[in-house]
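Worksheet: the structure to be examined is printed underneath.
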Amino acid sequence: MINYTEKIPNNVDLGRDRVLQRALEHWQPAFLGWWSDMGPTESRNYDVYLRTAISVEPDGWAQFDYIKMPEYRWGIFLQPRDERRQVNFGTHKGQPAWQDVPGEYRSTLRRIIVTQGDTEPASVEQQKMLGLSCPSLYDLRNIFQVNVEEGRHLWAMVYLLHRYFGRDGREEAEALLARRSGDTDNPRILGAFNEPTPDWLAFYMFTFFTDRDGKFQLCALAESGFDPLARTCRFMLTEEAHHMFVGETGVGRIIQRTCEVMKEKKLETPSDVRALGVIDLQTIQKYLNFHYSVTLDLYGSDVSSNAANYFTSGLKGRFRETKLEDDHVLIDAFYPVSEVVGGQIVTKNVPALTALNERLRDDYIDEIADGVSRWQRVIDQAGIPFRLTLPHKGFHREIGNFAGHFISPEGEVLTEEAWKKHEFEWVPSPKDYEFVQSLMSGRVAEPGKFANWIAPPLRGVNNQPLNFEYVRFN
Ligand SMILES: [Fe+2]
Ligand SMILES: [Fe+2]
């Protein structure tokens, strides 16, 4: 169980290490200062119906209550230690899992933790303004739940930095509060986390696509030979599942509402559909193309010696590493990777160790494809002849083998000029953003009411009815 009587709730026996406890208690006000500046706008006094973990077991989520977000019990929760756990891959395979940072991997491991940690506050910053235009109290509560949990994920990474990396770790923990999403001088580390999230369609797309990248990165780190990292990531994954649920059902409900209106009014032309105050399926496809492609970049270069090193050193595994049936060393294995040669996309086999980013990206794409087909079912059930598609992997990429090439969603290699001519048929134009924004000019704050552009969910949170007062504004 988690001890909530301490200033910093934790299950790591923080009270036993006074120096560490003091360092974290010193960081805590800085975190709260960051939350007050960069957390959800104007939300300080809201009472929000939030869940708080009461134990680190998968079913440890029983506690729901009204909380003011600045008083949320952010803390440090690790999955319990398994004394028999080993390093399960790479050159150290078979050794007992490390309880301390191996000296030779110290800076690499710190970099991995900082990069993961940096995404957590970034998404809160990206979503800061959205509470002002929420489509319902249910959705408002959900975004706040996501935001406080991203705050806790930051705590998780900061704990590791403070506990295992001494002074450099403390400096990195401060820097995590200093960078700002989209800032020109001091931006967040990864590209997708500097893109704006201007509206709720973008938010749901983000939580579907980009939080799922979070899931896959956490899954790979949950395999780490550095046991404290593995254990903290396992707990974070239980929270991530809710974020992806919010994204998938959010987009699904928007599609459902659009389809209802299209069917009822027997309309198909995007401008007619828009005139009825819902988001046309073409625009939804463009948002999908955008969020999918910028998220694919987060996996890094298709061929990467860093990825090989992370694996060989036992720091970052593959998706479901221990369930895979191979030697977990990969010295003699190959993996297919695509690249553009002479205007053609060709696939070649490269050493599997260097292709681990690509492999994780492919695992991610499989799961994404399943989600998109669930959205498609909503359209099919309405009898509307529209197909949502995932664009080609090379479309709109800025990192890896496709960077600098101009690939259409269908996977044709185009000239820059030809690509630019079609750009806004494929990704949202400023006018598309303007339209979506126009639907979301104010917030819907009456219990049980939903904005016209989104269908209500199937059920409420924690068995509460849909007209429950999920947020009290005071
Ligand atoms: Fe997170
Ligand atoms: Fe998340």
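Give the number of residues within the range 341-364 that are touching a residue at least 24 places away in the same chain (Cβ under 8 Å), more than 30 Å from the chain's Cα centre (by Cα) and on the phi < 0 side of the Ramachandran plot. Talk me through it step by step, then tell me what you get.
Initially, the range 341-364 is screened for residues touching a residue at least 24 places away in the same chain (Cβ under 8 Å), giving 343-345, 350-351, 353-361, 363-364.
Subsequent filtering for residues that are more than 30 Å from the chain's Cα centre (by Cα) retains 343-344.
Restricting the remaining residues to those that are on the phi < 0 side of the Ramachandran plot gives 344.
Residues that pass the stated criteria total 1.
Identify the residue in the range 321-349 that is of a type in the set (A, V, I, L, M, F, W, C) and in a loop (DSSP other than H, G, I, E, B) and, among all such residues, is surrounded by the most Cβ atoms within 10 Å (Cβ to Cβ).
First pass over the range 321-349, keeping only residues of a type in the set (A, V, I, L, M, F, W, C): 324, 329-331, 333-334, 337, 340-341, 345-346.
Okay, now just the ones that are also in a loop (DSSP other than H, G, I, E, B), so 324, 329-331, 333.
Details: LEU324: 13, VAL329: 15, LEU330: 22, ILE331: 10, ALA333: 13.
Checked the range 321-349; the qualifying residue surrounded by the most Cβ atoms within 10 Å (Cβ to Cβ) is LEU330.
Name every residue in the range 128-146 that is under 18 Å from TRP74 (Cβ atoms) and aliphatic (A, V, I, L, M), in order of residue number.
ILE143, VAL146, listed by residue number.
Cβ contacts < 9 Å: first residue without any contact (Cβ under 8 Å) to a residue 12 or more places away in the chain, restricted to the range 141-159; second residue within 9 Å of ligand 1 (Cβ to nearest atom) and among the basic types (Lys, Arg), any location; separation 6+ or different chain. Result?
none
For the list (1) more than 14 Å from ligand 2 (Cβ to nearest atom); (2) under 26 Å from TYR433 (Cα atoms); (3) in a helix (DSSP H, G or I); (4) basic (Lys, Arg), I need the number of the one condition that ARG188 fails.
So ARG188 meets the others, but not (3).
Among TYR138, TYR72, TYR105, which is the only one that is hydroxyl-bearing (Ser, Thr, Tyr), surrounded by fewer than 24 Cβ atoms within 10 Å (Cβ to Cβ) and closer than 30 Å to SER441 by Cα?
Working: TYR138 fails: surrounded by fewer than 24 Cβ atoms within 10 Å (Cβ to Cβ); TYR105 fails: closer than 30 Å to SER441 by Cα.
None of the others qualify; the one that does is TYR72.
Only one of these is under 23 Å from ASP363 (Cβ atoms), away from ligand 2 (no atom under 16 Å from the Cβ) and crowded, with 22+ Cβ neighbours inside 10 Å: ALA230, ALA220. Name it. Spell out the reasoning first.
Values: ALA220 fails: away from ligand 2 (no atom under 16 Å from the Cβ).
After applying the criteria, what remains is ALA230.
Of the conditions (1) touching a Phe, Trp or Tyr at 6+ places or on another chain (Cβ under 6 Å); (2) more than 16 Å from ligand 2 (Cβ to nearest atom); (3) farther than 30 Å from ARG84 by Cβ, MET205 fails just one. Which one is it?
(2)
So which pairs qualify, if the first residue must be in the range 311-330 and closer than 21 Å to ILE112 by Cα, the second must be of a type in the set (Val, Ile, Thr) and surrounded by fewer than 19 Cβ atoms within 10 Å (Cβ to Cβ), the Cβ gap must be under 6 Å, and the two must be at least 6 apart or on different chains?
Sorted first by the residue in the range 311-330, then by its partner, the pairs are THR312/THR91.
No lab work stands behind these numbers, since they all come straight from the coordinates. Every value quoted in this text rests on a predicted model; they were computed, and no experiment measured them. In this analysis, Cβ positions are derived from the backbone assuming ideal geometry, glycine residues included, and neighbour counts consider all displayed protein chains.
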